[in-house]
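Peer 1: The structure that follows is given in the form of structure tokens.
The values are calculated or read from the model by the stated rules, or taken from the named source; none is laboratory data. Keep in mind the model is a prediction, meaning the values are calculated, not measured. Here the Cβ is made from the backbone with ideal geometry for all residues, glycine too, and neighbour counts use every protein chain on show.
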Amino acid sequence: MKRRVYLDNAATTPIDSGVLETMLPFLTQFYGNPSSTHEEGRIVRAAVEKSRRLISKMIGAGNLEVFFTSGGTEANNTILKGAVRDLGVRRILISTIEHACVKNASLSLERDCQIELDFIKVNTEGTLDLLHLENLLSSSDLKTLVSVMHSNNEIGTMQDLEQISALCKKYQALFHTDTVQTFGYYPTPVNRFPIDFMSGSAHKLHGPKGIGFMYVNKSLHIHPLIDGGGQERLLRSGTENVAGIVGFGKAAELFQENGSSYLQQIQDLKKYFAGQLKEKFGNKVSFNGSLENSHAKVLSVNFDIPIANDMFLFRLDLEGIAVSGGSACSSGANKASAVLQAIALPNHLKTVRFSFSHSNTIEELDYTIAVIQKIID
């Protein structure tokens, strides 16, 4: 079998064997509908609520404030569109490096609902310009929602949610954060500083795809994006993805128990790989974002080499190495990265996103370095 090295864990992670084992009975033995009142339904309802309690506890929320969705994109759309429709929001502020689902949802609200949309500047490392945010917040009396992701999915830069939420509170703006990349890896306690909305997803922490959550503060009431039978306490209709929810709960539990050791392993791998790149290739490589203030999982690397970026990625793939040329969360090819444009990256550099998991090894990284050397040579 051909050797494969998977270094695209910011796109998705392989499902943990313990997570899969926990899910399987809910695909075979426990198949009831959680809305049913008979025993088969009650068994799966109990499993759904167990996962909800665990995730709620991890973010410091109440059980009634967490709702399961199909993933981060649905959660973000529900929150942004619900805030405009139901909470009187007339202005949205997002950073210039937000995920496409937040950016495009905001653009559609600007077009269809005539809201104001403003973009918060970031510096060349992708860190939010807090002074610009405050200037934007103080410049308008319109009811405002600020949406900023905790860690950028392309360059890994982390934002200071505590400072951002404090500014939002000062100017009476609502605050939403997309924690799809960071949930389970880094604490995001909504009971320690004010966060009104949050979104997360299972498949970034070795859980199943197709399941996520949204946190909505109990003082806020929005209507569903998807109408139907009123599941998820009227905020997200549709029969629950029970196996997915159970798997999400198990993945969250594993990270709650082992997250600090997982994170240390990932940090060590990232540090080693970055050091090897600089040692082997010198000024032919540079890094995007802040190495000190970024997600341990993500390393965005620029190569100053005479080879097209898509060919570089193709050659890596042929040698058995799976990586991304930025983000893998949007369809289509050869599109310029809005994130790399926002941080003013020179066009001639070839950017590759390497993203790590605690299941990666030093030996895999050494192999990757050798393959990069071979391609460059």
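Peer 1: What residue, of Thr96, Thr78, Thr69, is touching a residue at least 60 places away in the same chain (Cβ under 8 Å) and in contact with a Leu (Cβ under 6 Å, 6 or more places away or on another chain)? Steps first, please.
Peer 2: Values: Thr96 fails: in contact with a Leu (Cβ under 6 Å, 6 or more places away or on another chain); Thr69 fails: in contact with a Leu (Cβ under 6 Å, 6 or more places away or on another chain).
Going through Thr96, Thr78, Thr69 in turn, the sole match is Thr78.
Peer 1: May I ask you to say which residue of Thr144, Thr124, Thr96 is in the same structural domain as Thr177 (by TED's automatic domain parsing), within 21 Å of Glu292 (Cβ to Cβ) and among the hydroxyl-bearing types (Ser, Thr, Tyr)? Walk me through how you get there before you give the answer.
Peer 2: Details: Thr144 fails: within 21 Å of Glu292 (Cβ to Cβ); Thr96 fails: within 21 Å of Glu292 (Cβ to Cβ).
On inspection, the qualifying residue turns out to be Thr124.
Peer 1: I'm checking my understanding of the structure. Among residues of region 362-377 that are surrounded by 12 or more Cβ atoms within 10 Å (Cβ to Cβ) and acidic (Asp, Glu), which one is farthest from Gln276 (Cα to Cα)?
Peer 2: Glu364
Peer 1: Could you please give the count of residues in region 101-115 that are outside any loop (DSSP other than H, G, I, E, B) and buried (at least 17 other Cβ atoms within 10 Å of the Cβ)? Working first, answer last.
Peer 2: At the first step, the residues of region 101-115 found to be outside any loop (DSSP other than H, G, I, E, B) are 101-113.
Still in the running and buried (at least 17 other Cβ atoms within 10 Å of the Cβ): 101-103, 105-106, 109.
The total comes to 6.
Peer 1: Moving on. Mind checking which pairs have a first residue in region 102-117 that is in contact (Cβ under 8 Å) with a residue 40 or more places away in the chain and a second that is in a helix (DSSP H, G or I) and surrounded by 14 or more Cβ atoms within 10 Å (Cβ to Cβ), Cβ under 6 Å, 6 or more apart or different chains?
Peer 2: Listed pairs, sorted by first residue: Val102/Asn76.
Peer 1: Determine whether region 226-234 contains at least one residue that is in a strand (DSSP E or B) and either modelled with pLDDT of 95 or more or among the hydrophobic types (A, V, I, L, M, F, W, C) (or both). Working first, answer last.
Peer 2: Within region 226-234, the first condition is being in a strand (DSSP E or B), and the residues that meet it are none.
Looking through region 226-234, none of the residues is in a strand (DSSP E or B) and either modelled with pLDDT of 95 or more or among the hydrophobic types (A, V, I, L, M, F, W, C) (or both).
Peer 1: Select from region 286-309 the residues that are closer than 14 Å to Ile376 by Cβ and either within 20 Å of the chain's Cα centre (by Cα) or not polar (S, T, N, Q) (or both) and list them in ascending order.
Peer 2: To start, the set of residues in region 286-309 that are closer than 14 Å to Ile376 by Cβ comprises 301-309.
Passing the criteria: Val301, Phe303, Asp304, Ile305, Pro306, Ile307, Ala308.
Peer 1: Please tell me if Phe67 is among the aromatic types (Phe, Trp, Tyr) and closer than 25 Å to Leu234 by Cα. Spell out how you get there, then give the answer.
Peer 2: Numbers: among the aromatic types (Phe, Trp, Tyr): yes; closer than 25 Å to Leu234 by Cα: yes.
Spelling it out, Phe67 is indeed among the aromatic types (Phe, Trp, Tyr) and closer than 25 Å to Leu234 by Cα.
Peer 1: Tell me, yes or no, whether region 271-291 has at least one residue that is exposed (fewer than 15 other Cβ atoms within 10 Å of the Cβ), under 18 Å from Asn153 (Cα atoms) and acidic (Asp, Glu).
Peer 2: No, region 271-291 contains no residue that is exposed (fewer than 15 other Cβ atoms within 10 Å of the Cβ), under 18 Å from Asn153 (Cα atoms) and acidic (Asp, Glu).
Peer 1: Next up: Do we find that Leu345 is farther than 25 Å from Tyr185 by Cα, in contact with a strand residue (DSSP E or B) (Cβ under 7 Å, 6 or more places away or on another chain) and at pLDDT 85 or above in this structure? Quick ask: steps written out before the conclusion?
Peer 2: Numbers: farther than 25 Å from Tyr185 by Cα: yes; in contact with a strand residue (DSSP E or B) (Cβ under 7 Å, 6 or more places away or on another chain): yes; at pLDDT 85 or above: yes.
Here the answer is yes, as Leu345 does meet what is asked.
Peer 1: Please work out which residue is nearest to Met198 (Cα to Cα), limiting yourself to region 40-89 and to residues that are surrounded by fewer than 18 Cβ atoms within 10 Å (Cβ to Cβ) and of a type in the set (D, E, K, R).
Peer 2: This residue is Lys57.
Peer 1: Moving on to the next point. Return the residues of region 167-186 that are among the hydrophobic types (A, V, I, L, M, F, W, C) and within 12 Å of the chain's Cα centre (by Cα); say none if nothing qualifies. Outline the logic, then answer.
Peer 2: Filtering region 167-186 for residues among the hydrophobic types (A, V, I, L, M, F, W, C) gives 167-168, 173-175, 180, 183.
If the condition is that a residue be among the hydrophobic types (A, V, I, L, M, F, W, C) and within 12 Å of the chain's Cα centre (by Cα), then Val180, Phe183 are the ones that fit.
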